[in-house]
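K.L.:
One structure is given below, represented as structure tokens, and several questions about it will come after.
The values are calculated or read from the model by the stated rules, or taken from the named source; none is laboratory data. These figures come from a predicted structure and were not determined experimentally. Because the Cβ atoms are built from the backbone with ideal geometry, glycine has one as well, and the counts that use them run over all protein chains shown. For the accessible areas, the whole protein counts, side chains as well, though only heavy atoms, and no ligand, DNA or RNA atoms are used. Shrake-Rupley method; radii C 1.70, N 1.55, O 1.52, S 1.80 Å.
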Amino acid sequence: MTELRKSLRETVETYWAAADARDWTAFAGTLAAEVVYDLPQTRERIRGKDAFLRFNVEYPGDWRVRTERIVADQDAGQVVTWLRVTVGGEEVQAVSFFTGDGDGRIAGITDFWPEPYEPPAGREHLVERYRPRG
């Protein structure tokens, strides 16, 4: 395994641990300055480390995340994670795809949740909405 790919996998592990612990300093340290975050179900995209960090800091409710599986593609510089997310008493599964930059930080994230949904109010200042393809 190359050092970059190993680093990206470790970066993603740190990303999820920091998110669950609400350690926003460690979380921010995993992100490239120009990170792009996509949510296909809500058709939202967030561009840039500052906006994405704020999105997570401001996210409402008490939620927990547990990583069930991580697979790293050494040649493509990509990582995929399977997660269990608990919000209140409800537990859902999610899948997240990550790409890295040349320094082992996260450059792109695409999250897939169980079903399409409308995004909660209050984050319009951080996201751009787009239309589904097709």
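K.L.:
Go through the range 24-75 and give me each residue that's among the β-branched types (Val, Ile, Thr), open to solvent by 10 Å² or more (accessible area, probe 1.4 Å), in contact (Cβ under 8 Å) with a residue 24 or more places away in the chain and not in a strand (DSSP E or B).
P.N.:
Looking only at the range 24-75, we keep the residues that are among the β-branched types (Val, Ile, Thr), and these are 25, 30, 35-36, 42, 46, 57, 65, 67, 70-71.
With the extra rule that they be open to solvent by 10 Å² or more (accessible area, probe 1.4 Å), the set shrinks to 25, 36, 57, 65, 67, 70-71.
Within this subset, residues satisfying the condition of being in contact (Cβ under 8 Å) with a residue 24 or more places away in the chain are 36, 57, 65, 67, 70.
Selection gives Val57 alone.
K.L.:
How about the range 83-104: which of its residues are over 28 Å from Arg131 (Cβ atoms) and either surrounded by fewer than 17 Cβ atoms within 10 Å (Cβ to Cβ) or of a type in the set (Gly, Ala, Ser) (or both)?
P.N.:
Taking the range 83-104 first, the residues over 28 Å from Arg131 (Cβ atoms) are 84, 86, 88-91, 100-104.
If the condition is that a residue be over 28 Å from Arg131 (Cβ atoms) and either surrounded by fewer than 17 Cβ atoms within 10 Å (Cβ to Cβ) or of a type in the set (Gly, Ala, Ser) (or both), then Arg84, Thr86, Gly88, Gly89, Glu90, Glu91, Gly100, Gly102, Asp103, Gly104 are the ones that fit.
K.L.:
Only residues that are part of a loop (DSSP other than H, G, I, E, B) and touching a residue at least 24 places away in the same chain (Cβ under 8 Å): list them for the range 76-101, please. Outline the logic, then answer.
P.N.:
Quick first cut of the range 76-101, residues part of a loop (DSSP other than H, G, I, E, B) only: 76-77, 88-89, 101.
Gly77, Gly88, Asp101, listed by residue number.
K.L.:
Is it fair to say Ala107 is buried (at least 16 other Cβ atoms within 10 Å of the Cβ), out of contact with any Lys or Arg (no Cβ under 9 Å at 6 or more places or on another chain) and not aromatic (Phe, Trp, Tyr)?
P.N.:
In short, yes.
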